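The structure appears right after this line, and notes come after that.
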Amino acid sequence: MAPMKLYGATMSWNVTKCAVALEEAGAEYEIVPIDFATGEHKSPEHLARNPFGQVPALQDGDLYVFESRAICKYACRKNKPELLKEGDLKEAAIVDVWLEVEAHQYSPALTPILFQVLVKPMLGGTCDEKVVEENLEKLKTVLAVYEARLSKCKYLAGDFISLADLNHVSMTLCLFATPHASVLDAYPHVKAWWAGLMERPSVQKVAALMKPSA
């Protein structure tokens with residue numbers, strides 16, 4: 001069977017979020033670059049993959065999936081459903097809880113920081129330090145909750161790796177490309193959790209993919 005195709009660029013943390021899940025799930029896939037400079041993301045061909053003209057998009061045969069978190073879940077369901085703990089109602093519920101926390105607490109605090117520090121200068125703009133500081137405070141509030149959780153178990157959903165952990169990888173790698181990675185220093189259990197994730201081959205491979213644009 002042909003490998004799945006992940007459309008996008010490794011400079012996008014939403015694309016590499018999917019790559020981590022695909023790697024960890026042991027899926028066969030290839031990354032197909034989309035050239036934003038030429039407007040390829042708005043071409044009819046790409047709009048057929050993602051009607052919002054964004055990345056990522058995943059093609060698996062005649063199936064197209066867009067939205068990064070949906071792609072991650074699909075990769076796990078197809079290749080390694082234990083990353084979602086499907087089949088165990090209670091454990092799956094806790095995985096879902098921490099998937100939602102990543103989507104609605106962690107990412108909203110971190111995204112403005114990454115945009116201001118990494119993306120805005122690439123677009124010719126200037127980093128707004130006030131926005132960075134405000135969101136660092138939000139991130140610290142989130143990390144305090146993570147610290148309490150990770151003092152009780154090795155991973156977010158329990159003593160097992162899950163997609164809830166993996167979905168944090170790409171944006172946290174981007175955080176380490178900023179001067180603000182030291183925000184984790186006040187949270188020893190979070191740092192230990194992150195160190196454990198960094199040892200995983202899937203994470204190391206995606207970190208290497210991201211380095212040229214970090």
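Below, the figures for the structure above:
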{"read-out": "Check on LEU110, touching a residue at least 12 places away in the same chain (Cβ under 8 Å), more than 21 Å from SER182 (Cα to Cα), within 15 Å of the chain's Cα centre (by Cα) and surrounded by 15 or more Cβ atoms within 10 Å (Cβ to Cβ)", "value": "no"}
{"read-out": "Long-range neighbours under 7 Å by Cβ, at least six apart or interchain, first residue under 12 Å from ALA144 (Cα atoms) within region 172-192, second modelled with pLDDT of 95 or more and assigned to a loop (DSSP other than H, G, I, E, B)", "value": "HIS189/SER151"}
{"read-out": "Region 96-129, residues that are among the aliphatic types (A, V, I, L, M) and outside any loop (DSSP other than H, G, I, E, B)", "value": "VAL97, LEU99, VAL101, ALA103, ALA109, LEU110, ILE113, LEU114, VAL117, LEU118, VAL119, MET122"}
{"read-out": "Residue that is more than 19 Å from TYR155 (Cβ to Cβ) and in contact with a Gly (Cβ under 7 Å, 6 or more places away or on another chain), where the choices are LEU47, LEU58", "value": "LEU47"}
{"read-out": "Count of region 146-161 residues which are at positive phi and not in a strand (DSSP E or B)", "value": "0"}
{"read-out": "Residue within region 74-86 that is surrounded by 15 or more Cβ atoms within 10 Å (Cβ to Cβ), among the basic types (Lys, Arg) and not in a helix (DSSP H, G or I) present", "value": "yes"}
{"read-out": "Residue list for region 8-31, restricted to those being within 13 Å of GLN59 (Cα to Cα), surrounded by 24 or more Cβ atoms within 10 Å (Cβ to Cβ) and not aliphatic (A, V, I, L, M)", "value": "GLY8, CYS18"}
{"read-out": "Per-region count, region 50-69, residues under 20 Å from the mean Cα position of the chain (by Cα) and either at pLDDT below 95 or part of a loop (DSSP other than H, G, I, E, B) (or both)", "value": "7"}
{"read-out": "Residue in region 52-61 that is open to solvent by 50 Å² or more (accessible area, probe 1.4 Å) and closer than 18 Å to SER170 by Cβ present", "value": "yes"}
{"read-out": "Condition met for LEU89 (exposed (fewer than 13 other Cβ atoms within 10 Å of the Cβ) and out of contact with any Leu (no Cβ under 9 Å at 6 or more places or on another chain))", "value": "yes"}
{"read-out": "Top-ranked residue of region 166-206 - restricted to ones that are part of a helix (DSSP H, G or I) and of a type in the set (D, E, K, R), ranked as nearest to LEU83 (Cα to Cα)", "value": "LYS205"}
{"read-out": "Residue list for region 143-182, restricted to those being of a type in the set (Val, Ile, Thr) and surrounded by fewer than 17 Cβ atoms within 10 Å (Cβ to Cβ)", "value": "VAL145"}
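The values are calculated or read from the model by the stated rules, or taken from the named source; none is laboratory data. Just so it is clear, the structure is predicted and the values come from calculations on it, not from any experiment. Don't worry about glycine lacking a Cβ; one is built from the backbone with ideal geometry, like all the others, and counts go over all protein chains shown. Protein only, heavy atoms only, side chains kept; ligands, DNA and RNA dropped before computing areas. Shrake-Rupley method; radii C 1.70, N 1.55, O 1.52, S 1.80 Å.
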